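The values are calculated or read from the model by the stated rules, or taken from the named source; none is laboratory data. Just so it is clear, the model here is predicted, and its values are computed rather than measured. Every residue, glycine among them, receives a Cβ derived from its backbone with ideal geometry; neighbour counts consider all protein chains shown. Protein only, heavy atoms only, side chains kept; ligands, DNA and RNA dropped before computing areas. Shrake-Rupley method; radii C 1.70, N 1.55, O 1.52, S 1.80 Å.
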Amino acid sequence: GVGVTLMQAGDRTTQVQTWAVTAPFVEEIDTAQYEDLDEGPCLTSIRSRRAAVSGSLGSDTRWPHFGGRVARLGVHSVLALPLTVDDRVVGAINAYAYRRDAFGDHAVQLGSQFAGPAAVSVYHAQLLATAREKVARLQRALVSRAVIDQAIGIIRSRSGVSASEAFDRLTRMSQTENVKLHQLAEQMVEAAARRARERRV
């Protein structure tokens, strides 16, 4: 079984999360590494930026708690490869096998050749996802701003106050009614549009 693990930047720390697996037991192994024990071949490969290989996890002294738990699942071999772009680690690829000594030098060499392009693909996918989220946030902000401006226009048309005074009124109403500013503006614009439709009818 194989799993892809990605580094996810949080508010204060970077989290390690399983992104995709080919078999359920891989996710169980990853959960043990990241959430329960904070030790294991994937974490070692990420921290050292080198391949981590073992053909007998149950007796591997590098991960005494992890090795015993995984051996009880019948998994004995692992090959963990870091996904690095320049000096940045973006994740890891982890391959597990039930038989002992499943991953030799050829597997490490072949896996390392694959990990390079895979890391670039993952990195670019993360950049694209971040850019799309920023665009979506900007679009939402622009929509909210447009609705707020419309609500300011409605207040001005009814009271004859300046734009600044109308915005202050809208803000006070938002605070008094405990409703977010853009939601209050949407309600006000929709009510004005509804009244206009009724007059037309």
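Couple of notes before you dig in:
- One Cα centroid belongs to segment 28-47, the other to segment 148-192; the line between them spans 52 Å.
- Vicinal HN-Hα couplings computed from phi for segment 88-105 (Karplus, 6.51 cos²θ - 1.76 cosθ + 1.60; Hz; Gly/Pro x): 10, 8, 9, x, 7, 10, 10, 10, 10, 9, 6, 7, 6, 6, 7, 10, x, 4
- Relative contact order %, segment 98-201, counting alpha carbon pairs below 8 Å whose residues are six or more apart: 23
- Within a Gaussian network of the chain (alpha carbon springs, distance under 10 Å), most fluctuating of GLN175, GLN17, GLN113: GLN175
- Net charge, ALA92 excluded, C-beta distance under 12 Å - Lys, Arg +1, Asp, Glu -1: +2
- Among the protein heavy atoms of segment 81-201, carbon and sulfur supply 55% of the accessible surface, probe 1.4 Å, non-protein parts ignored.
- Computing P(r) over Cα pairs in 5 Å bins from 0, in percent for the structure here picks out one of [x] 1, 7, 12, 14, 11, 8, 5, 4, 5, 6, 7, 7, 6, 4, 2, 1, 0; [y] 1, 8, 16, 19, 18, 13, 9, 7, 4, 2, 1, 0, 0; [z] 1, 7, 16, 20, 21, 17, 11, 5, 1, 0, namely [x].
- Within the accessible surface of segment 20-69, defined with a 1.4 Å probe on protein heavy atoms only, the carbon and sulfur portion equals 46 percent.
- Segment GLU28..VAL201, full-extension length gain: 56.0 nm, with 0.36 nm per residue of separation and the alpha-carbon distance subtracted.
- Point-charge dipole on Cβ atoms (K/R +1, D/E -1) for segment 62-201, about Cα centre, debye to 20: 620
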